[in-house]
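Taking it in order: structure first as structure tokens, then the write-up.
The values are calculated or read from the model by the stated rules, or taken from the named source; none is laboratory data. Values in this document were obtained by computation on a predicted structure and should not be read as measured data. For neighbour counting, all protein chains shown are included, and Cβ atoms are generated from backbone atoms with ideal geometry for every residue, glycine included. In case anyone asks, the SASA skips ligands and DNA or RNA and just uses the protein heavy atoms, side chains included. Shrake-Rupley method; radii C 1.70, N 1.55, O 1.52, S 1.80 Å.
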Amino acid sequence: MSTSVAQPPVRKAKGTKPFIPDLVYFEPGALEYEKGKRIMEWVTSQNIPYQMTTSHNRITNLPGETEQEKYRMAKRTLVVGVRKTLKFDQSKPSAEYAIPISTGCMGHCHYCYLQTTLGAKPYVRVYVNTEEIIEAAKGYIEERKPEITRFEAACTSDPVGLEHITENLSDLIRFMADEEFGRLRFVTKYHHVDPLLNIKHNGHTRIRFSVNSDYVIKNFEPATSRFEERIEAAGKIAHAGYPLGFIIAPIIWYDGWQEGYAELLQKLADTLPEEATKDLTFEMIQHRFTKTAKATIEKRYPKTKLEMDIEKRKMKWGRWGQYKYVYKDDQQDALREFITERIFEHFPLANIDYFT
């Protein structure tokens, strides 16, 4: 008589939950806007403690004994304010301009350039004067037409991870749908795209997902959605008719990188629905850092495995007035050529926008 051995149940990975802050600050002016009032209602309904602040740029005395504790608390702190500067920064090579709807991110990606650009202000800021921001965008579109003007909404944050709180992306998508000469773009590491699926977009918004090898995601991207969640969300976005893209960033040179990035592109090809492969774009960004970022990252993530050996790198002048350190030419060439070949092997009709 044969006996069957019971197999242990397959454990399903827990889903990445939407961001719920531990503490919220409001600028008084934010409550003069309907969106600010609505966010306040949401905060009180969630029983989240909140305080008032004179400026979204000056949040002090966050809880925590050490710099690491204060940094972790800052990443769990939401600041609701009014965007007063409506002059948009350039956003090359992704777009013509960055459209400012939020600043800061709840993720803990060790390599993130926001370690430098946000410095001592790593808390998450959202802006409620969306109509004024949209009016400013209209001005930029008028200046450049009949050329298309592209706006990047994720230069200094991951707005998908905040959409359930702000609905800012929904507002921008609806606005851009009716703009003949305007286009919206944003990239995310989060899978919480359901609020965007039924919005009229007219194909004027390209949604991109940041993807990477297992090694990079597991070691350097805490507090973000899992790779499988991102790809499932990409399928939803394609099914909703949005133009789709992927950013492979940062591309990191490590032992076994060829196998890691080959597996990444294979998994994308195996799991993406066919409709997601039409009008598909890729962007590739190699890992880079500044001396300021290196010092900050080593303080905040003292056990990081992130390689930041200046002696192994090439100096490149950055737009923010600092040298950044990128891979040497032979490594850059090897990374670009290998990953480009894998992309076209699996997605022969895709476009590669740039490698930088």
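Evaluated against (1) crowded, with 20+ Cβ neighbours inside 10 Å; (2) touching a strand residue (DSSP E or B) at 6+ places or on another chain (Cβ under 7 Å); (3) touching a residue at least 40 places away in the same chain (Cβ under 8 Å), residue 176 falls short on exactly one condition, (3). Of the strands (runs of 3 or more DSSP E) contained entirely in the range 147-230, those carrying at least 3 residues that are touching a helix residue (DSSP H, G or I) at 6+ places or on another chain (Cβ under 7 Å) and among the β-branched types (Val, Ile, Thr) fall at 205-211. Would you confirm, using the coordinates I've provided, whether residue 74 is open to solvent by less than 40 Å² (accessible area, probe 1.4 Å) and either among the polar types (S, T, N, Q) or modelled with pLDDT under 95 (or both)? Answer is yes for this residue. Residue pairs whose Cβ atoms lie under 8 Å apart, sitting 6 or more positions apart in sequence or on different chains, and linking a residue in the range 231-243 that is part of a loop (DSSP other than H, G, I, E, B) to a partner that is of a type in the set (A, V, I, L, M) and modelled with pLDDT of 95 or more, are 240/196; 240/197; 242/196; 242/207; 243/207. Is it true that residue 121 is in contact with a Phe, Trp or Tyr (Cβ under 6 Å, 6 or more places away or on another chain) and either open to solvent by less than 10 Å² (accessible area, probe 1.4 Å) or not hydrophobic (A, V, I, L, M, F, W, C) (or both)? For residue 121, the condition - in contact with a Phe, Trp or Tyr (Cβ under 6 Å, 6 or more places away or on another chain) and either open to solvent by less than 10 Å² (accessible area, probe 1.4 Å) or not hydrophobic (A, V, I, L, M, F, W, C) (or both) - is not met.
Test residue 202 against the stated conditions and say whether it is open to solvent by 50 Å² or more (accessible area, probe 1.4 Å) and more than 14 Å from the chain's Cα centre (by Cα). Considered against the rule, which asks whether it is open to solvent by 50 Å² or more (accessible area, probe 1.4 Å) and more than 14 Å from the chain's Cα centre (by Cα), residue 202 comes out as yes. In the range 81-99, which residue that is closer than 23 Å to residue 284 by Cα and without any contact (Cβ under 8 Å) to a residue 60 or more places away in the chain is most open to solvent (accessible area, probe 1.4 Å)? Once the filter is applied, the top-ranked residue is 92. Of the set (1) modelled with pLDDT of 95 or more; (2) at negative phi; (3) not basic (Lys, Arg), all apply to residue 167 but (2).
Flag set for residue 240, criterion: of a type in the set (Gly, Ala, Ser), over 29 Å from residue 120 (Cβ atoms), under 21 Å from the mean Cα position of the chain (by Cα) and open to solvent by 20 Å² or more (accessible area, probe 1.4 Å).
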